[in-house]
Amino acid sequence: MKNNKKLIIFGTSNLSENAHYYFTNDSDYEPVAFCANKEYITNDNFLGLPLVPFNEIEEKFPPHEYSFFCSVGYRDINSIRRDIYLKAKEMGYLLASYISSKADIAKNVKIGEHCFITTINIKPYAIIGNNCFIYSNISHHTVIEDHCFITGGVCMGGKVKIGEQTFIALNSTIRDNITIGKRNIIGAGSLILKSTESDQLFIAEGTKAQKISSAVYSKGLSLY
């Protein structure tokens with residue numbers, strides 16, 4: 001795939017490294033520089049590319065020549081990424097999306113701008129808003145509003161609505177035909193069986209550790 005669109009990536013985290021890798025190897029974008037808020041910059045480069053303060057990118061990388069992608073995760077319930085996305089949009093940058101070439105996406109699915117979508121399956125009639133990171137399959141007639149982050153292993157039934165800025169963690173399960181309120185945090189392994197209100201937190205209890213008895217060692221008992 002030919003990289004013919006110059007891209008600026010915001011951030012220097014592991015997520016930024018992933019964004020750089022996928023945009024470089026599976027898109028028509030070419031990352032040419034990184035940026036970050038000035039107070040977090042301790043070096044002038046990242047992954048061998050220039051690293052510049054966010055408030056200087058308009059001068060060094062004009063919006064009419066470069067695209068922009070913010071690789072900030074779900075910190076502060078996605079509000080940091082939301083604010084940077086909106087600021088870059090206000091500056092006039094084209095907001096880039098990464099959609100895996102191996103993703104299986106139905107033809108009538110609607111996807112907004114500035115999204116990061118991995119090798120997943122998205123069923124017909126789904127709608128994904130702007131500025132969303134999606135790592136799990138999306139079922140039919142599902143609506144995901146702006147600024148959401150859905151991690152891997154999430155299982156959703158059909159016709160689910162996810163409110164804006166919601167974060168859904170690993171291996172959560174959401175029943176069909178329900179609505180998740182805005183700015184929800186759904187912790188790893190949670191089971192959601194009814195609609196939620198806005199600004200709610202769900203935490204599944206983790207498996208408790210137990211001492212391994214001597215019988216396990218002496219008799220070679222199988223735990224599978």
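The values are calculated or read from the model by the stated rules, or taken from the named source; none is laboratory data. Since the structure is predicted, the reported quantities are computational estimates derived from the model, not experimental observations. Virtual Cβ from ideal backbone geometry, glycine too; neighbours counted across all protein chains shown.
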* Structure fact -> If we keep only residues of the range 15-39 that are in a loop (DSSP other than H, G, I, E, B) and of a type in the set (S, T, N, Q), then the residue surrounded by the fewest Cβ atoms within 10 Å (Cβ to Cβ) is Asn37
* Asked: Do we find a residue being charged (D, E, K, R), in the same structural domain as Lys89 (by TED's automatic domain parsing) and within 18 Å of Cys132 (Cα to Cα) anywhere in the range 4-23?
  -> yes
* Asked: Taking the range 161-188, which residues are in a loop (DSSP other than H, G, I, E, B), within 16 Å of Cys132 (Cβ to Cβ) and β-branched (Val, Ile, Thr)?
  -> Thr166
* Please go through the range 52-84 and pick out each residue that is among the aromatic types (Phe, Trp, Tyr) and more than 13 Å from Gln165 (Cα to Cα). => Phe54, Phe61, Tyr66, Phe68, Phe69
* Number of positions in the range 66-97 that are under 17 Å from the mean Cα position of the chain (by Cα) and either surrounded by 21 or more Cβ atoms within 10 Å (Cβ to Cβ) or not in a strand (DSSP E or B) (or both) -> 21
* To do: Could you tell me whether Ser101 is closer than 16 Å to Phe116 by Cα, in the same structural domain as Glu113 (by TED's automatic domain parsing) and either of a type in the set (S, T, N, Q) or part of a helix (DSSP H, G or I) (or both)?
  => yes
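For the range 40-54, what are the residues that are in a helix (DSSP H, G or I) and modelled with pLDDT of 95 or more? Step through it out loud before you land on a result.
Pass one, the range 40-54, residues in a helix (DSSP H, G or I): 40, 54.
If the condition is that a residue be in a helix (DSSP H, G or I) and modelled with pLDDT of 95 or more, then Phe54 is the only one that fits.
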* Asked: Does the range 2-11 include one or more residues that are modelled with pLDDT under 95, part of a loop (DSSP other than H, G, I, E, B), basic (Lys, Arg) and under 27 Å from Asn184 (Cα atoms)?
  -> no
* From Ile174, Ile168, grab the single residue that is more than 27 Å from Ser101 (Cβ to Cβ), out of contact with any helix residue (DSSP H, G or I) (no Cβ under 9 Å at 6 or more places or on another chain), without any contact (Cβ under 8 Å) to a residue 40 or more places away in the chain and of a type in the set (A, V, I, L, M). => Ile174
* Asked: Within the group Phe46, Phe23, Phe61, which residue is in contact with a Pro (Cβ under 8 Å, 6 or more places away or on another chain) and among the aromatic types (Phe, Trp, Tyr)?
  -> Phe23
* Residues of the range 132-150 that turn out to be in a loop (DSSP other than H, G, I, E, B) and in contact (Cβ under 8 Å) with a residue 60 or more places away in the chain, as a count -> 3
